[in-house]
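In what follows, a single structure is set out as structure tokens and then discussed.
The values are calculated or read from the model by the stated rules, or taken from the named source; none is laboratory data. The model shown is predicted, which means the values in this text are computed figures rather than measured ones. No Cβ is skipped: glycine too gets one built from the backbone with ideal geometry, and neighbour counts run over all protein chains shown.
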Amino acid sequence: MEWFGTLMVGAIGALIGTYCGAYFLHRKTEKKTEKIREIAVRGLSIIKKYAGQSYKAAESQFNTELNISEKRAVIVAIHKLGIPIEVPTKDVFDIKKIKFYDKLIGTEEIDDMIGQISRGHCDNLFFMDVESYFTANLRVKAVREVGKKYVNEVLKYSTINMQEQKIIYPFEWDKKFTPGEIQTVLVLIARVNNSDYFKGNGDPDNDKIDILIKEIEIGLWDNYLFWDYDSYQNMRSQSSLANIVQAVVLGQVAPNPQNMQQTVVNNPVELAQEAE
């Protein structure tokens, strides 16, 4: 029976060793996570000091009191929670100088974020690669900003002739945009080129336009903002041709060679310029 006792001792020793090893590894990971939570809470507490002011006011102290390693560990988590970190559309994201948007800081909002961090709800967001995170959606953000720019600086200041259903744009509005920005918003312009965003008297409906801006911000118009205008034009032409062919087949209209030609969808910018 000696062999049995030796076997049991070895098995128990291995079990205890495995358990203890797993326990200490877990505690080590937990302590590391707790330390990162403390860093995140410290960063949020710095911002909270400026409650009632703009996030811009907290920039300097936030960048001074948190070193690069600390910011790298928590910045994605606090951005996901709602801290409005500014991502440059042209420059490379700089972890050394985190920039915030000019937005008012709310005490309750920050307290809620601290609570989320303390309860461990954001542990999976710690140590995410910062550069990859902030640059992955860089183009998406830039494109949405151009869409919002069109709505804020053009559509808001346009009117509509209800009888002719023709939008009257501000004079030389396209001069506010670069050629690249124009190409970005062409399909968006075509899709909002209707009376939905205007009141019965022809003036812009600001409530509906504000909803449109929010929809652009959350990505509901991304398909149109990323849709190449030539491809959109071809789709419209093919759809129009298909409708004509179907009508002819069903005997709803008489065959006409001119109708069988592909319909050309005018460039929205050219239409606006013609209206001017």
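The table below lists the values:
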item: Condition broken by G120, with the remaining ones in (1) in a helix (DSSP H, G or I); (2) more than 22 Å from the chain's Cα centre (by Cα) satisfied; result: (1)
item: Hits in the range 58-77 - residues which are closer than 11 Å to F100 by Cβ and of a type outside the set (D, E, K, R); result: A58, S60, F62, N63
item: Lone unmet requirement of (1) at pLDDT below 90; (2) within 30 Å of D228 (Cβ to Cβ); (3) surrounded by fewer than 19 Cβ atoms within 10 Å (Cβ to Cβ) for F127; result: (2)
item: Residue check for K149: within 26 Å of G180 (Cβ to Cβ), assigned by TED's automatic domain parsing to the domain that holds T184 and either over 20 Å from the mean Cα position of the chain (by Cα) or not in a helix (DSSP H, G or I) (or both); result: no
item: Residue count, the range 221-235 (criterion: under 18 Å from the mean Cα position of the chain (by Cα), surrounded by 12 or more Cβ atoms within 10 Å (Cβ to Cβ) and over 11 Å from K148 (Cβ atoms)); result: 4
item: Answer residue from the range 50-89, given it is basic (K, R) and more than 14 Å from the chain's Cα centre (by Cα) and is surrounded by the most Cβ atoms within 10 Å (Cβ to Cβ) among those; result: K71
item: Tally, over the range 113-144, of residues that are over 20 Å from E70 (Cβ atoms) and either among the basic types (K, R) or touching a residue at least 60 places away in the same chain (Cβ under 8 Å) (or both); result: 6
item: Hits in the range 169-188 (condition: touching a helix residue (DSSP H, G or I) at 6+ places or on another chain (Cβ under 8 Å) and exposed (fewer than 15 other Cβ atoms within 10 Å of the Cβ)); result: K176
item: Search result, residues across the range 143-181 that are β-branched (V, I, T) and in contact with a Gly (Cβ under 7 Å, 6 or more places away or on another chain); result: T159, I160
item: Residue list for the range 32-69, restricted to those being in a helix (DSSP H, G or I), under 18 Å from I114 (Cβ atoms) and basic (K, R); result: K35, R37, R42, K48
item: Those residues of the range 171-193 which are part of a loop (DSSP other than H, G, I, E, B) and within 22 Å of Y229 (Cα to Cα), in sequence order; result: E172, F177, T178, V192, N193
